[in-house]
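Chemist: The structure that follows is given in the form of structure tokens.
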Amino acid sequence: MSRRNVFKALLVLAFTVLLGTAWLHQTGTNKAPDWGRSPDHIVLSWTADPATTVTITWRTSPDIFKSLVQYAPRLNDNPFPAGSSLARGRVTTLKTNLGNYNIHNATLTNLRPGVIYLYRVGDGTRWSRIYSFTTEARNTGQFTAVVFGDSQCSSENYRVWRETLLAAVKRETPRFIINAGDLVDNGSDQKQWEAWFAAGKGVLEGLPEMPAVGNHESPWLEGDRLPQSFLAQFSLPENGPSGLKELVYSFDYGDAHFVILDSQVGSNSPLFKLQQNWLKEDLKRTKQRWKIVIFHRPPYYAKTNRANDDVKEAFCPILEENHADLVINGHDHAVMRTYPIAGGRIVARSKGTVYLIAGRSGEKTYSDLSQKRWAQYFYNPVDQPTYTALKFTEGSLRVICKKMDGTILDAYVIEKSS
Ligand SMILES: [Fe+2]
Ligand SMILES: [Fe+2]
């Protein structure tokens with residue numbers, strides 16, 4: 001072979017290797033990325049009673065199957081992990097476009113209400129840092145929760161979401177947080193989740209996160225409707241209808257009942273009716289003073305040509321008949337609050353359901369938002385991201401929408417005696 005031909009052959013070989021590497025990376029069949037073998041993506045949630053349990057989810061590289069949580073009440077005279085207990089987690093393998101990894105989750109039970117606990121997760125050899133959480137105190141009448149509208153960012157830089165999250169948590173000191181869908185821009189792209197979890201570091205390990213699924217978590221890249229990455233990476237109550245477990249669920253905190261729905265279920269899906277029936281039963285059954293319902297697509301919208309009539313027909317009659325106090329949506333990246341509505345009509349304060357769109361906590365904004373006739377308050381947050389604080393006291397719920405810098409956009413009070 002001439003020198004020229006050897007050079008040509010080498011060039012072809014190099015090109016083939018390069019192409020192969022790129023293809024392997026794209027199709028996700030390359031070997032697992034080099035994550036630390038120590039746990040990361042640690043996130044708290046509740047799958048049972050917030051006063052006596054907490055659920056911890058984390059991930060490791062796919063070769064780690066040992067799954068442990070070490071935990072103990074925080075005591076000044078007893079440095080952790082002395083006197084701690086051990087709980088075992090369950091492990092499942094999640095396939096992603098960046099490779100496989102193991103998701104671990106463990107529910108700590110028989111905790112004492114109103115107590116600060118320290119914990120760490122790991123395999124018995126490699127442990128995470130030590131974090132803390134606080135169980136719900138008995139007879140909690142007064143607390144704050146923070147709800148975030150779409151945290152999605154178009155790139156893998158979730159700086160805006162991180163800044164909004166940190167500002168809200170520092171200012172409001174909530175007991176837990178809720179994301180109203182579109183946490184990420186493409187829920188089938190693990191790069192987005194890497195960025196989302198990285199942005200939540202330092203918060204998600206200590207505050208339960210109870211998310212609703214949005215259209216951007218829905219897997220348009222896969223044949224399957226179920227948002228596998230969302231379902232795997234959050235551990236949520238399994239009290240919803242079968243087929244929609246952990247996408248549709250409810251939980252109680254203090255005197256409030258929180259319901260999370262999946263507004264991506266189309267009316268031609270057999271799951272549609274199931275969700276409606278479940279919602280009816282769930283709202284009828286609760287004896288809690290406050291009923292707060294969260295789902296992604298707004299029945300009362302702010303964006304041009306995006307009415308979500310299917311969602312309105314599916315949920316609104318049930319919500320209004322069963323006296324939901326407040327409905328919180330995302331999707332439109334607007335800050336909007338309706339007049340109280342009952343039977344589709346505007347009614348007096350505290351007599352109907354108020355629908356809220358929770359702004360945006362990520363970088364995406366829309367230029368075609370406007371104040372519709374049902375909106376008592378409207379703002380297009382192009383200048384800054386926003387969040388919504390829900391401040392519960394014995395007889396009132398204050399709903400406060402703020403810009404990231406703390407400027408109050410809208411404050412609304414719902415009063416209710418027992
Ligand atoms: Fe969105
Ligand atoms: Fe959306």
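Chemist: Looking only at segment 99-156, which residues are of a type in the set (A, V, I, L, M) and more than 17 Å from LEU68 (Cα to Cα)?
Modeler: VAL115, ILE116, ALA137, ALA145, VAL146, VAL147
Chemist: Checking the structure you have, find out if any residue of segment 195-210 is on the phi > 0 side of the Ramachandran plot and away from ligand 2 (no atom under 16 Å from the Cβ).
Modeler: Taking every residue of segment 195-210 in turn, at least one turns out to be on the phi > 0 side of the Ramachandran plot and away from ligand 2 (no atom under 16 Å from the Cβ).
Chemist: Modelled with pLDDT of 95 or more and hydrophobic (A, V, I, L, M, F, W, C): does that describe LEU165?
Modeler: yes
Chemist: Just checking, does segment 123-146 include any residue being within 16 Å of ligand 1 (Cβ to nearest atom) and in contact (Cβ under 8 Å) with a residue 40 or more places away in the chain?
Modeler: No, there is no match, as no residue in segment 123-146 is within 16 Å of ligand 1 (Cβ to nearest atom) and in contact (Cβ under 8 Å) with a residue 40 or more places away in the chain.
Chemist: A further question on this structure: Sort out which residues of segment 404-418 are of a type in the set (D, E, K, R) and over 19 Å from ASP383 (Cβ atoms), and write them in order of number.
Modeler: Across segment 404-418, the qualifying residues are GLU415, LYS416.
Chemist: Turning to a different aspect of this structure: Quick check on GLY181: is it buried (at least 16 other Cβ atoms within 10 Å of the Cβ), touching a His at 6+ places or on another chain (Cβ under 6 Å) and not assigned by TED's automatic domain parsing to the domain that holds TRP58?
Modeler: Yes.
Chemist: State whether the residues of segment 329-338 include one that is modelled with pLDDT of 95 or more, in contact with a helix residue (DSSP H, G or I) (Cβ under 9 Å, 6 or more places away or on another chain) and either assigned to a loop (DSSP other than H, G, I, E, B) or assigned by TED's automatic domain parsing to the domain that holds ASP410 (or both).
Modeler: Yes: one or more hits.
Chemist: Identify all residues within segment 381-408 that are part of a loop (DSSP other than H, G, I, E, B) and within 16 Å of ligand 2 (Cβ to nearest atom); write none if there are none.
Modeler: Within segment 381-408, PRO381, PRO385 meet the criteria.
Chemist: Just need a number here: residues in segment 339-367 that are outside any strand (DSSP E or B), touching a strand residue (DSSP E or B) at 6+ places or on another chain (Cβ under 7 Å) and surrounded by 24 or more Cβ atoms within 10 Å (Cβ to Cβ).
Modeler: 3
Chemist: I want to confirm something. Restricting to segment 311-342 and keeping residues that are farther than 11 Å from VAL293 by Cα and of a type in the set (Gly, Ala, Ser), which single residue is farthest from ligand 2 (Cβ to nearest atom)?
Modeler: That would be ALA342.
Chemist: Just to be sure before I move on: is LYS273 free of Cβ contacts under 8 Å to residues at least 12 places away in the same chain, among the charged types (D, E, K, R) and surrounded by fewer than 21 Cβ atoms within 10 Å (Cβ to Cβ) in the structure I sent?
Modeler: When the stated conditions are applied, LYS273 passes them.
Chemist: Does VAL184 satisfy the condition of being in a helix (DSSP H, G or I) and within 16 Å of ligand 1 (Cβ to nearest atom)?
Modeler: For VAL184, the condition - in a helix (DSSP H, G or I) and within 16 Å of ligand 1 (Cβ to nearest atom) - is not met.
Chemist: Considering (1) touching a helix residue (DSSP H, G or I) at 6+ places or on another chain (Cβ under 8 Å); (2) over 17 Å from PRO298 (Cα atoms), say which one VAL413 fails and leave the rest.
Modeler: Among (1) touching a helix residue (DSSP H, G or I) at 6+ places or on another chain (Cβ under 8 Å); (2) over 17 Å from PRO298 (Cα atoms), VAL413 violates only (1).
Chemist: Suppose we filter GLU281, GLU321, GLU246, GLU313 for residues that are more than 22 Å from GLY362 (Cβ to Cβ) and crowded, with 18+ Cβ neighbours inside 10 Å; which single one remains?
Modeler: GLU246
Chemist: Which of the residues that make up segment 110-165 are charged (D, E, K, R) and either assigned by TED's automatic domain parsing to the domain that holds PHE80 or part of a loop (DSSP other than H, G, I, E, B) (or both)?
Modeler: Matches in segment 110-165: ARG112, ARG120, ASP123, ARG126, ARG129, GLU136, ARG138, ASP150, GLU156.
Chemist: Cβ-Cβ under 7 Å, sequence separation 6+ or interchain: first residue in segment 288-311 and free of Cβ contacts under 8 Å to residues at least 40 places away in the same chain and assigned by TED's automatic domain parsing to the domain that holds ALA180, partner surrounded by fewer than 24 Cβ atoms within 10 Å (Cβ to Cβ) and part of a loop (DSSP other than H, G, I, E, B). Which pairs?
Modeler: Going by the 7 Å Cβ cut-off, the qualifying pairs are GLN288/ASP255; LYS291/HIS323; LYS291/ALA324; LYS291/ASP325; VAL293/ALA324.
The values are calculated or read from the model by the stated rules, or taken from the named source; none is laboratory data. Everything numeric in this text was worked out from a predicted model, so none of it was measured. Neighbour counts are summed over all protein chains in view; Cβ atoms, including those assigned to glycine, are modelled from backbone coordinates with ideal geometry.
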